Amino acid sequence: MSHFNVFVTGEDIEEQLAPFQENNMGDCPPEYLTFCDCHDECVARWEEVDQDGVPHKERFRTFDHFVREFFGYRRHRDTGHYGYFENPDAKWDWYEIGGRWSGELMIRQEAAPDYQAIRRSPEGRILVDEARRGDIDFGAMERQACDAAMSRWQQTREIVQKTMSLDDLHAIRSWEDFRIEMQRKAGNIDEARTRYWEQKGLSELRQGLFDAQLWGWDTSPEGIAAMLSRKPEEYAADRARQSWLPFALLHEGEWIEKGRMSWFGIAVDELDNATWASRIRDLILGLPGDTRIAVVDCHI
């Protein structure tokens, strides 16, 4: 299971999202479904035995009973073949407007009287889930993100300096190195994990960043080294440009995404942040001012 945010432009959000629904609840509109024929597989398995060595033909009364119980497939009414229906364009199995990204859009001060706040920023700015593109204060959102990124860079640098030198930081081997080495030598995963965290200063660095709420599930020494190798102003500016970008954009019937979302928030074939920003940022900022944008929390 994974959550990701999508910008949906225009009206009729439900209608626009419908072509991308997964057929998980049996209520996906039939015009978006394709039948996956699994009949040959079912016939082949019918001739086999189960894990106890008992032939399926002895355990199940009929072939139909076997397929329904063993696979859960159903017959196609036209061909009589067993299989299942799926949406080849499926991107989500349920969604809600806002959700985990509720209140992500900041409204311009002059447009504030037209909106009801979902919540407010620390400065009292109105934050909403849906708004006209021209009423969204992307500039203020980026300035806020820039300040946060600059603070993160400076705090991280201070914690690293208290723990190790930058040379030591760059010398830390990645977890992937240890994992591959463990597999090559048929070693123990716990031993590999212990060796990884025994690297000079790494445990102390993690604890320092954790205490400052700067260590997350995706934090890594190599990522920290890459961040501190850049000038803070450049790092903060890049982070600001990417701060409000969604994982996907649904615009005029086209689903544009950074990558193919898989389980546990892991994307496959994901574009790097800079490439995604160059592709999608100007497109969104260039939309007509009266275009409605809704932030949708999609789950897959």
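Glu142 is checked against (1) surrounded by 15 or more Cβ atoms within 10 Å (Cβ to Cβ); (2) in contact with a Leu (Cβ under 7 Å, 6 or more places away or on another chain) and fails just one. What number does that condition carry?
So Glu142 meets the others, but not (2).
Go through segment 55-69 and count every residue that is within 13 Å of Ala44 (Cα to Cα) and in contact with a helix residue (DSSP H, G or I) (Cβ under 8 Å, 6 or more places away or on another chain).
Within segment 55-69, residues that are within 13 Å of Ala44 (Cα to Cα) and in contact with a helix residue (DSSP H, G or I) (Cβ under 8 Å, 6 or more places away or on another chain) number 5.
Could you list all residues from segment 19-33 that are exposed (fewer than 15 other Cβ atoms within 10 Å of the Cβ) and either at pLDDT 95 or above or on the phi > 0 side of the Ramachandran plot (or both)?
Gly26
Considering only segment 74-87, state which residues are open to solvent by 40 Å² or more (accessible area, probe 1.4 Å) and either touching a residue at least 12 places away in the same chain (Cβ under 8 Å) or assigned to a helix (DSSP H, G or I) (or both).
Hits for segment 74-87 are Thr79, His81, Tyr84, Phe85, Glu86.
For residues in segment 93-133 being aromatic (Phe, Trp, Tyr) and within 26 Å of the chain's Cα centre (by Cα), which is surrounded by the fewest Cβ atoms within 10 Å (Cβ to Cβ)?
Trp94
Out of the residues in segment 247-261 that are open to solvent by 30 Å² or more (accessible area, probe 1.4 Å) and in a strand (DSSP E or B), which is nearest to Ile280 (Cα to Cα)?
Going through the qualifying residues, I end up with Glu257.
Going through segment 31-60 one residue at a time, which ones are touching a residue at least 24 places away in the same chain (Cβ under 8 Å) and either among the basic types (Lys, Arg) or closer than 20 Å to Glu254 by Cα (or both)?
Tyr32, Leu33, Thr34, Arg45
If a residue counts only when it is aromatic (Phe, Trp, Tyr) and closer than 30 Å to Gly103 by Cβ, which helices (runs of 4 or more DSSP H) contained entirely in segment 135-204 have at least 2 such residues?
Those helices (runs of 4 or more DSSP H) span 138-163.
What number of residues within segment 88-111 are of a type outside the set (Val, Ile, Thr), in a strand (DSSP E or B) and more than 19 Å from His3 (Cβ to Cβ)?
1
Output the residues belonging to segment 210-246 that are open to solvent by less than 20 Å² (accessible area, probe 1.4 Å) and touching a Gly at 6+ places or on another chain (Cβ under 9 Å).
Result: Leu214, single match.
Would you point out the residue of segment 43-73, among those that are of a type in the set (Val, Ile, Thr) and either closer than 20 Å to Asp27 by Cα or part of a helix (DSSP H, G or I) (or both), that is most open to solvent (accessible area, probe 1.4 Å)?
Val43
If the requirement is being of a type in the set (A, V, I, L, M, F, W, C), surrounded by 13 or more Cβ atoms within 10 Å (Cβ to Cβ) and in contact with a helix residue (DSSP H, G or I) (Cβ under 7 Å, 6 or more places away or on another chain), which of these qualifies: Leu202, Leu285?
Answer to the check: Leu202.
Report, ordered by the first and then the second residue, all pairs with beta carbons closer than 8 Å, sequence separation of six or more or different chains, a first member in segment 239-260 that is touching a residue at least 40 places away in the same chain (Cβ under 8 Å), and a second member that is open to solvent by 30 Å² or more (accessible area, probe 1.4 Å) and hydroxyl-bearing (Ser, Thr, Tyr).
Note: no pairs meet the criteria.
The values are calculated or read from the model by the stated rules, or taken from the named source; none is laboratory data. What you see is a predicted model, and the numbers here were worked out from it, not measured in a lab. Methodologically, a virtual Cβ is constructed for each residue, glycine included, from the backbone with ideal geometry; neighbour enumeration extends over all protein chains shown. The protein model used for the area step is the full one, side chains on, heavy atoms only, and it has no ligands, DNA or RNA in it. Shrake-Rupley method; radii C 1.70, N 1.55, O 1.52, S 1.80 Å.
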